[in-house]
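Have a look at the structure below before the remarks.
Read-outs: derived from the displayed coordinates by stated rules, not from any lab. Quick caveat: nothing in here was measured; it's all calculated off a predicted structure. Because the Cβ atoms are built from the backbone with ideal geometry, glycine has one as well, and the counts that use them run over all protein chains shown.
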């Protein structure tokens, strides 16, 4: 059978997501846990796949992976409850044999931007420029043959204990897209950029502009959403809130 599981982690404890020789990465830690608990023996044979490969330093409250196993759902839950790891697995769902976690309905990211010295209204007005469909060539690291056009459904701003919290909602993102957008928004809030400069960079992707990139540590993959719901362990919300609090406290 094939299962999807939801998991969380503090990105600052790892050397990035993808497996690298001699490095403690999120993917390797996750695989070590699953193999140690006897859920499967080989990542390739089990068709192990992940929804999002977060950058080094980026954390997650709701990333998703999928794999094939001969175990039942109850057996998996029991085994994972015994595991101790920097990766917190808290949700599970039986999925179709062809399920590929990258094909998600929506991805939600959260960025904690320090609000000191920021004109919040200016940031809010600039955030609206990024919603909808745009060519994000100037606001991402676009890989060769990759379509730079993406749609951001919404950017929601709120204030929390010295931070301006930016929540991004979209189906897919480009590499470094959110961190480059946040850098532009921060510059707008500090009066370094105008809305017109940001709009021009969006509307003229062929004219190369670099507004730099915000730090990775304040970025959190909040959730990956599908057309189904996961079954969660007890008190998972409390554990996730505690993890988020620890991440923010270290910023």
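Overview of results
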| item | result |
| --- | --- |
| Average Cα contact separation per residue, the chain, under 8 Å, 6 or more apart, as relative contact order % | 25 |
| Among 32, 68, 121, residue whose mean-square fluctuation peaks in a GNM of the chain (springs only between Cα atoms under 10 Å) | 121 |
| Degrees between helix 236-249 axis and first principal axis of the chain (Cα, 0 to 90, nearest 10) | 40 |
| Inter-probe distance in nm under a simple model that places probes 7 Å from Cα toward Cβ, at residue 41 and residue 82 | 1.8 |
| Rounded to 10°, Cα long-axis angle of helix 26-36 versus longest principal axis of the chain | 10 |
| Förster radius 25 Å - calculated FRET efficiency between residue 141 and residue 246, Cβ distance, rounded to 0.05 | 0.30 |
| GNM flexibility winner over the chain from 135, 195, 204 (Cα, springs under 10 Å) | 204 |
| CD proxy at 222 nm, helix term only [per DSSP H run n ≥ 4: -39500 (n - 2.57); per residue of the chain; nearest 500] | -8500 deg cm²/dmol |
| Over 31 Å [Cα-Cα, the chain], rounded percent | 28 |
| Nearest-ten-degree value, helix 73-82 long axis tilted from longest Cα axis of the chain | 80 |
| Alpha-carbon centroid distance for the pair the stretch 172-251 / the stretch 34-66, whole angstrom | 22 |
| Computed over the stretch 106-203, the ratio Rg/Rh where both radii use C-alpha atoms and Rh is Kirkwood | 0.95 |
